[in-house]
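Step one of this worksheet: look at the structure below.
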Amino acid sequence: MKKQTEKKEKKHAIGAFRKLLPVMIKATPFLFTASIVLSVFHGVSFGVETMMQQRFFDKAVEAAGGKAGILHAFLALAFLGIANVACQVLNGVSNFLPDVVEGKAGAYLSTAIQEKIGRLDPAAFEDTEKLDDINKAEQGKNSAFWYVYDVIAILTFYVPYFAFMGWYLFSLKPVLASAIVIIFLPTALAQLLRVKFFSRLEDDSAPVRREYEYYENCMMGREYFKETRLLGGFFYFKKLYQETLSCLQKLRLKATMKSNLFELSMRALTVAGYCGILWMLFDALMKQEVTVGAFAAVFNSLGMLYDIMEEIICRHMGEMASNVGSIRNYLNFLNMEERAGQLQEAPGWGDIVLENVSFSYPVRKTEGNQSKEENRSREEGHSMEESCSGEEGHSREEKQSVEDGHSIEDDTTEAVKYAVKNVSLTLHKGETLAVVGENGSGKSTLIRLIAGLYLPKKGCVKKNGVDTRELAMGVLAAGTSAVFQKYQRYQMTLAENITISDPSADCGKVRMDSVCDMAGVETGTFPEGYETMLSREFDGIDLSGGQWQRVAIARGFFRIHDMIILDEPTAAIDPYEETRIYNRFAEIARDKTAVIVTHRLGSVKLADRILVMKDGEAVQTGTHEELIAREGEYKRLYEAQEQWYGD
């Protein structure tokens, strides 16, 4: 088993380099190639400098003994000076180029991550394991360039240098060539073990790291600070932050201690070998097997040889060993399964048909003998001790129910908690459908299925006769607009906040005024009109929740669409303004497919049809008049809210 693990780690290290090298070359071909060529010359230059030292020392001794002219000594000194200058120039350039290449390669790798995220199934963002994978990929991306650079440096600088020095030492006395092996082996063995220690560390620390980053944001994030300070939650989050950070530090300390203790023992062997080499060199001089110049040059270069060997092992190989686990995670993320739909042509816009559709959110698998109680969140008193002791840690997201009523189920049971269960529905082209129900009834999940963001676990969703599983994400998004309750507040100008939904559409003032009027955005109150920056952090202004919500609605209206979805977008707006917006919405939705999700029933009368959800099931459907005329969930909800409308 141990040999299989070592082979697997070696395979990961080699495979990571083979996959990343073409990416780096593609990111910046000229600079990357130039750095490789210079690195080869740089490595050889150190060996040449050692030979020039021997030549100078020998000529100086001969000149002092009258066996050679002083001119020969000066020429040898000149060549030594040229070799030294060349070494320093190449050293400076070789140290400068990687930083330049790293900037361009880093941008290229970041783009690859973002493009990959865009191709993932949106339901993956409900899976805590997938979120951990994204976090690991971000960490791996930061290490990817330097991993490739370290391998390239070993192959193009260190290998030529040691090959040259090995040949040179062998030419003086074959046994001296063993110096390289004696210095290399113990330290290399220590660093190879770091691969195992730090690969395991990365897997154990990713969920903990994501958790402490979340707590840090809760303490210091701009969107949290008002509530955190007002309700006194800062110290609560500080405590959680310190616990998770302490756990992360313990995991790191454990891996570092194991690695460093083994490395210390190997260094002791290396020092013993170094002393043995010095003795062999002295013995060879006494027996006149090497010249005084060769002795001086080799003696002087042994320190550099040892320093360079320590640099390659402790710095480069050490960093490679520490980073190979995170780089493997980066590559695994790029190979993660993507949304399968391949059809790149829109099937036209027609009816949307749901046939016995069921959907459940992904959950993290737990140990077979672990109960649900063991997976509850920290709020109920559990600490990070299990994770710190090396056992599997659980982040808050995996222990908490997600919107629409799905929950964590024990893997030992076959029961699955469906957020949407066996829903069959036909949404006709040009129809306005209102989806209502209590919180957790499955409303939001249902519209994500209708929009094609989520794919059903059972049944199918068809758009104009084509299964959404067969359609690419870009095709599903084309012609669809939406306004969600959890809208985004972009730190950009008012115009950019609105037009970002469809940058290619007409951004003329007439159209902008029209969508703002429909959404209730009073542009006259903005100091610089559409060019007003909506962020105090960038010398602009901030908006109230209701104002931001109107901007988000304008954004949804601006996008050219055949279908528009309003998922409770008016929660921060008073009922009177909500009614006005929905009436305008009814006007622009004429001849277009529209879906309204709301828990306020006063505005659903404008819909052609109302779908009532309860516990993930579609329990009623019909017009307002039809549903209010018979006993059922809709009538119960409406009567519970009727007093609002009467007032």
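When peptides 271-282, 293-304, 328-339 are ranked by their average number of other Cβ atoms within 10 Å per residue, the highest-first order is 293-304, 328-339, 271-282. Could you give the C-alpha radius of gyration of the stretch 11-98 expressed as a fraction of 2.2 N^0.38 Å, taking N as the number of residues it contains? Compactness ratio reported: 1.64. As a quick test, which of the pairs Lys417/Lys462; Lys443/Lys463; Lys417/Lys463; Lys141/Lys238; Lys462/Lys486; Lys457/Lys614 have an alpha carbon distance above 21 angstrom in this structure? From Lys417/Lys462; Lys443/Lys463; Lys417/Lys463; Lys141/Lys238; Lys462/Lys486; Lys457/Lys614, over 21 Å: Lys417/Lys462; Lys417/Lys463; Lys141/Lys238; Lys462/Lys486.
Extension gain for Trp167-Gln342 works out to 57.2 nm (0.36 nm per residue, less the C-alpha to C-alpha distance).
Most tightly packed first, judged by the mean number of other beta-carbon atoms within 10 Å of their residues, the peptides 443-449, 51-57 read 443-449, 51-57. Placing one equal scatterer on every Cα of the stretch 581-647 and applying the Debye formula, the log10 ratio I(q)/I(0) at q = 0.15, 0.17, 0.19, 0.28 Å⁻¹ is -0.50, -0.64, -0.79, -1.36.
Taking 20 °C and 1.002 mPa s as conditions, the stretch 416-547 diffuses translationally at an estimated 120 µm²/s according to Stokes-Einstein applied to its Kirkwood radius (Cα pairs). Set the Cα radius of gyration of the stretch 235-357 against 2.2 N^0.38 Å, with N its number of residues, and you get 2.16. Each 10 Å bin, from zero up to the one with the longest distance, holds this percent of the alpha carbon pairs of the stretch 81-137: 19, 28, 19, 15, 12, 7, 1. Protection proxy ranking for 616-622, 628-634, 62-68, using the average of other Cβ atoms within 10 Å per residue and placing the highest first: 616-622, 628-634, 62-68.
Evaluated with a Cβ-only charge set (Lys, Arg +1; Asp, Glu -1), the stretch 514-626 carries a dipole of roughly 240 debye about its Cα centre, given to the nearest 20.
Amide H contacts of Val483 (H built 1.01 Å from N, in plane; Pro and chain starts excluded): Ile565, Leu566, Asp567 sit under 5 Å, all sequence-distant by 5 or more or on other chains.
Projecting the Cα positions of Ala124, Ala73, Ser45 onto the charge dipole of the stretch 33-146 (unit charges on Cβ atoms of Lys, Arg, Asp and Glu, taken about the Cα centre) puts Ala73 furthest along the positive direction. Karplus-derived 3J(HN,Hα) values for the stretch 15-30, using 6.51 cos²θ - 1.76 cosθ + 1.60 with θ = phi - 60°, are x, 4, 5, 5, 7, 7, 4, x, 5, 5, 5, 5, 5, 8, x, 5 Hz; glycine and proline are entered as x. Under 5 Å from the amide H of Thr623 lie the amide H atoms of Ile610, each residue being 5 or more positions distant or on a separate chain, with H modelled from the backbone and absent for Pro and chain starts.
Here the stretch 27-166 is assigned +1 on the Cβ of each Lys and Arg and -1 on the Cβ of each Asp and Glu. Its dipole about the Cα centre then comes out at about 780 debye.
Where a number appears in this text, it was derived from the coordinates with a stated rule and is not lab data. These numbers come from a predicted model, not from an experiment. Using ideal geometry, Cβ is built from the backbone for each residue, glycine included, and neighbour counts are taken over all protein chains shown.
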